[in-house]
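The values are calculated or read from the model by the stated rules, or taken from the named source; none is laboratory data. Being a predicted model, the structure only gives us computed values, none of them experimental. Because the Cβ atoms are built from the backbone with ideal geometry, glycine has one as well, and the counts that use them run over all protein chains shown. For the accessible areas, the whole protein counts, side chains as well, though only heavy atoms, and no ligand, DNA or RNA atoms are used. Shrake-Rupley method; radii C 1.70, N 1.55, O 1.52, S 1.80 Å.
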Amino acid sequence: MPQTNSQKRRFRAFFHPLCPALFAALLTLIICHFVTHPPSFLLTEEQRFVAFTENVFREELSGSTLNLHYLVSDPSAYGLEDTEVSLGNASTEAREASCAALENYHSSLLEFDYDKLSDERQLTYDVFLTYLETELEAADLLLYDEPLGPTLGVQAQLPILLAEYEFRTKGDIEDYLSLLAQIPDYFDSLLSFEQDKSDAGLFMSSTCALEVIEQCLDFAAEGEEHYLIAIFDEKIDAVTNLTTDEKIAYKARNQSILTGYVLPAYQALAAGLAALEDTGTNAMGLYYFPDGQEYYEYLVKSTVGDSRTIEDIEEEIKTQMVADYAAMQEILAESEASDPASNVNENTASDASWDDSAETNTVSADSLVNASEMLEDLRAKITDDFPLLTTVSCEIKYVHESLQNYLSPAFYLSPTIDNFNNNVIYINPASGYSGIELYTTLAHEGYPGHLYQTVYFLSQSPDLLRTLLDVGGYTEGWATYVEMYAFSLYGGQSASASISQLNRSFTLGLASLLDIGIHYRGYTREEVSAFLTTLGFSESTAESLYTTILESPANYLKYYVGYLNFCSLRDTLEAAVNDFTLRKFHQAVLETGPVPFDLLKEQCLKKMQKNT
């Protein structure tokens, strides 16, 4: 249809000619936008997949400022600079919303053409798919989760995370203070979840509740002398771009918020748990809950990364324990025959110059140097069997005395993924570790354990999503595997070191077997105590072990079953690869990174056969 003059004028007005310079500038902007934000139809399948996984990475981190701060040092580099400060939400409703998000991720993931992805992206796809399917299988068991506990509970871990919260910018200080002020609301959401657990007959045992309550009250009792105040003041004094007045103001705000929000929040959490203390219907393992066995199977698959049946895992543990016991008896017999006066049960080695017989639980500057020397010794001795690692710093610290009765003997604090040069290992003086125990613990946490595996993985610049998908069996299993390896480095293949290693393996196996027995077989407290006393354990030790296992189902399996998986994988690959060496095996494991063991076997076999 012909246009009227009026229509032509409107058309010309809308598309008025631009001056050449303005047109060129606009064209440049359009091209730049298309380069940095191309429409999806112009992207390859690989590019679309990377965009998807990076979006998941941002979505997951935007809901927790604490996780964000500990994972990245420069949020702006990841498009996360303007996220709302939040501790998150632990309520049942929030958990259900999280499950719905996982379902959406799962649907989106299945839309990608797997065959069009590179090997690296296919691995990310496989790891994410396994994670999503495992979590969604347990979507109806949300109330079986227990976020509180004397050692691994949120209330026990939070103080360490607050104490180590690094002030890189003024914004970090403001975020930290905002997080402190949100602790009451976050603890309220925890109590809401615990109330729902109670209503469903799934509340924790009275013994566990009393331990958490006592811990909360102890934490809150320090008042204005609280160690978090002193630590904050030290960190503020170390910030160079603050004026004296700003430092004074920040210190005053922190003390006000800590005493006005944080300590009352711990007291309120204790009071809320006290009101629920007697509502628990089960003082024994998961077996005695309606879907307890099913939940335990999920925990093993999820946290250990082992898809085998519980029966198969249980049988492997028994087999290894028998082998360890037989090996110990053989060494003892050989030592007795060669030297009847020998004492191979000592946990010391005469050639270890740092074994200074320090008094148990004594913390001193000398002991810090002692641990640092051990860490350096480990780093130097692993070069034959492990690939080289870029040099990074590591500070060894001791757990504050107010938390020593509640936290693990030692732990490694992971660095940010974009600044992994600075690392921290915590040692708990309450453990009384010295000599070979301290040495192998530092191997577990440092070289070639957590620090080594973490830095090695991050130095490869993995897909961002991979940094969120930890697999406990891989992480802790590797650290236990190299801990066992380190016994030979300390004792020089001595009978004493071998006995110590076998004893360590045997006791971890025993704990793991009891973990299955308590939570999957229904072993009672009395049955466990009677069994352990026949093995020579005291009643108090038996009671303590039962309580520890009761509070953290499948936790021991991350360490021991993970360790057995690495041993089995090593033996399998040694038989399958012609030019197998420990160094090549360890390199294949470290390059693959944290994945379930089925995927690890597949990846390591592929890597080692490719390099044959």
### Task
Considering Cα pairs under 8 angstrom that are at least six residues apart, work out the relative contact order of the stretch 198-348 and quote it in whole percent.
32
### Average Cα contact separation per residue, the chain, under 8 Å, 6 or more apart, as relative contact order %
16
### Query
Put +1 on the Cβ of each Lys and Arg and -1 on the Cβ of each Asp and Glu in the stretch 219-335; which of 231, 289, 317 then has its Cα farthest toward the positive end of the dipole?
231
### Message
Under 5 Å between amide hydrogens, which residues at least 5 positions from residue 410 or on another chain qualify, with H placed 1.01 Å from N in the peptide plane?
### Response
428
## Note on the structure
Of the convex hull drawn through the C-alpha atoms of the stretch 462-525, the volume per residue in Å³ is 109
### Query
So what are the ³J(HN,Hα) numbers for the stretch 96-106, from phi and the Karplus equation (6.51, -1.76, 1.60; θ = phi - 60°), rounded to whole Hz, Gly and Pro as x?
5, 5, 5, 5, 5, 5, 5, 5, 5, 4, 4
#### Entry: Karplus (6.51, -1.76, 1.60) ³J(HN,Hα), θ = phi - 60°, over the stretch 510-527, in Hz, Gly and Pro reported as x
4, 4, 5, 5, 5, 4, 5, x, 6, 9, 10, 9, x, 4, 8, 4, 5, 5
#### Entry: Accessible carbon and sulfur surface of the chain relative to its total accessible area, %, 1.4 Å
51
### Message
Check which residues have an amide H placed less than 5 Å from residue 394's amide H, if you skip close sequence neighbours.
### Response
423
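Hey, what does the equivalent ellipsoid look like for the stretch 462-612, semi-axes from the Cα gyration tensor as sqrt of 5 times each eigenvalue, largest first, whole Å? Please list the in-between numbers first.
On the way: eigenvalues 215, 80, 30 Å².
Listed largest to smallest, the semi-axes of the stretch 462-612 are 33, 20, 12 Å.
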#### Entry: Probe 1.4 Å, accessible area per residue of the stretch 388-532, Å²
32
### Task
Figure the gain on full extension for residue 322 and residue 571 (residue separation times 0.36 nm, minus the Cα-Cα span) and round it to one decimal in nm.
87.8 nm
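Mind scanning 558/601; 301/584; 301/381; 381/610; 318/584; 318/601 and naming the pairs with a C-alpha gap bigger than 25 Å? Spell out each step's value before the answer.
Numbers: 558/601 17 Å; 301/584 27 Å; 301/381 34 Å; 381/610 28 Å; 318/584 30 Å; 318/601 23 Å.
Listed pairs above 25 Å: 301/584; 301/381; 381/610; 318/584.
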### Share, in percent, of DSSP beta bridges within the chain that are antiparallel, nearest 5
45
## Note on the structure
In terms of the alpha carbon gyration tensor, root eigenvalues a ≥ b ≥ c, rounded if a/c is under 1.5 and otherwise prolate when a/b exceeds b/c or oblate, the stretch 113-272 is oblate
### Summary
Under the helix-only model (-39500 (n - 2.57) for each DSSP H run of 4 or more, divided by the residues of the chain), the mean residue ellipticity at 222 nm, to 500 deg cm²/dmol, is -20000 deg cm²/dmol
## Note on the structure
Rounded to the nearest Å, the spacing of the alpha-carbon centers of the stretch 182-257 and the stretch 75-104 is 21
## Note on the structure
Using a 1.4 Å probe on heavy atoms of the protein chains only, the accessible area for residue 548 in Å², nearest 10, reads 60
### Task
Express the accessible area of the stretch 204-326 per residue in Å², computed with a 1.4 Å probe while the remaining protein chains stay in the model.
48
### Query
Using θ = phi - 60° and the Karplus form 6.51 cos²θ - 1.76 cosθ + 1.60, what ³J(HN,Hα) does each residue of the stretch 113-122 get, whole Hz, x for Gly and Pro?
7, 4, 5, 8, 9, 5, 4, 5, 6, 4
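With charges set only on the Cβ (+1 for Lys and Arg, -1 for Asp and Glu), what does the dipole of the chain come to about its Cα centre, in debye to the nearest 20? Please list the in-between numbers first.
On the way: 34 positive and 93 negative charges, 580 e Å.
For the chain, the charge dipole is close to 2780 debye.
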#### Entry: Only Lys, Arg (+1) and Asp, Glu (-1) charged, at Cβ; the stretch 536-588 dipole about Cα centre in debye
320
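Please arrange 519, 400 by accessible surface area, largest first, computed with a 1.4 Å probe and ligands excluded. Walk me through the numbers before you get to the answer.
On the way: 519 0, 400 65 Å².
The ranking, largest first, comes out as 400, 519.
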#### Entry: Charge-dipole axis of the chain as Lys and Arg at +1 and Asp and Glu at -1 on Cβ define it, positive-most pick from 42, 428, 471
42
